[in-house]
Amino acid sequence: MELRHLRAFRVVARTLSFTRAAAELHYAQSSVTEQIQALETELGSRLFDRRGRKLELTPAGERLIEYADRVLLLVEEARSAVVDNPDEPSGELTVGALETLCAHRLPSVLTRYRANHPKVKVTVREGNRGELYGAVRRGELDVCLTFGNPPADEALASRTLAHDRLMVAAPTGHRLSSLDEVRMLDLHQEAFLATETGCGFREMYDRAVNGLGPDGPVIIAEVTSLAALCSCVASGMGCALLPEIAISGHVARDEVVAIPLVDAASRTTVTMTWLRRWERKAALAAFLETASDVFTGLEQPV
């Protein structure tokens, strides 16, 4: 099996789209199709089924994906072991982060990293927590930055980079907007907006209101986009619970009011997570050091 065929298979399996896979791999769609067909011919099994407009992995494809991940991980480890120079990292580094961290924290890290390690080509991918952790496990990402603690997994290593206050974002003129701080009991039956279940921001909300039952706020709508959520708050639809960094721009533009939450679940962490077995990769080791240094400089008392 050719490595390029396995790489194409893995991307198609993740995106379940030949079109999106071709764009990500920078191939023509016909080239991706040919590579998958060549792999299927060699293995004597269909790897994908198309049901209407939906692409699905076959049982054979489901079995292959784990092996493809392991083979490509081992190839990358071998390459790093041979060509890596700890004093002058080179090659490629793929970094993933949540939308907010991509916009507000990662640029400072990447600017410092690029200045110190110009031979490394950096690729940035945005995603939600589940997508990012899954990509790190598969070796598609070298490292990811998220809010909150990573999942318990012996294959993963992590480091807390910073802490961020949780704020109640409220429309201008809302009854909460005149308060200097908010406690959970102040939010009794208050209309709240939240992101979808599984999102890191939703996990923060659920953890903060855990145990309040009918005494807590009420989610009146779920919004996928963080930008759309903040716009809904600004329009007066309801409030939201978010890290300070996530709403700082909206506050600066006087679109919403942010009031600190002072109860037990009033802070979250910014966490960096990577595959433990890749710690010796020079480009990754240099990034971990750079990110820690930059966040130390950005950290504010909370």
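The values are calculated or read from the model by the stated rules, or taken from the named source; none is laboratory data. Bear in mind that the values here come from a model prediction, so they are computed numbers and not experimental data. Cβ placement follows ideal geometry from the backbone for every residue including glycine, while neighbour counts extend to all protein chains displayed. Side chains included, ligands, DNA and RNA excluded: accessible areas come from the protein's heavy atoms. Shrake-Rupley method; radii C 1.70, N 1.55, O 1.52, S 1.80 Å.
Can you report the number of residues in the range 1-17 which are more than 18 Å from Glu140 (Cβ to Cβ) and either buried (at least 17 other Cβ atoms within 10 Å of the Cβ) or free of Cβ contacts under 8 Å to residues at least 24 places away in the same chain (or both)?
Residues flagged as more than 18 Å from Glu140 (Cβ to Cβ) and either buried (at least 17 other Cβ atoms within 10 Å of the Cβ) or free of Cβ contacts under 8 Å to residues at least 24 places away in the same chain (or both) within the range 1-17 amount to 0.
Looking only at residues that are out of contact with any Gly (no Cβ under 8 Å at 6 or more places or on another chain) and open to solvent by less than 10 Å² (accessible area, probe 1.4 Å) in the range 59-96, which one is nearest to Leu229 (Cα to Cα)?
Residue satisfying both the conditions and the ranking: Val95.
Select from the range 219-245 the residues that are in a helix (DSSP H, G or I) and touching a Gly at 6+ places or on another chain (Cβ under 9 Å) and write down the one among them that is least open to solvent (accessible area, probe 1.4 Å).
Looking at the filtered set, the residue picked out is Cys230.
I'd like the residue in the range 18-32 that is of a type outside the set (Ser, Thr, Tyr) and exposed (fewer than 14 other Cβ atoms within 10 Å of the Cβ) and, out of all such residues, is nearest to Val75 (Cα to Cα).
By that ranking, first place goes to His26.
In this structure, is Pro150 part of a loop (DSSP other than H, G, I, E, B), farther than 29 Å from Thr224 by Cβ and in contact (Cβ under 8 Å) with a residue 60 or more places away in the chain?
No: the conditions fail for Pro150.
Would you call Glu181 under 30 Å from Gly134 (Cβ atoms) and open to solvent by 60 Å² or more (accessible area, probe 1.4 Å)?
No.
Considering only the range 192-218, state which residues are within 22 Å of Arg165 (Cβ to Cβ) and in a strand (DSSP E or B).
Phe192, Leu193, Ala194
Checking Gln35 against (1) open to solvent by 50 Å² or more (accessible area, probe 1.4 Å); (2) closer than 20 Å to Arg70 by Cα, which test does it fail?
(1)
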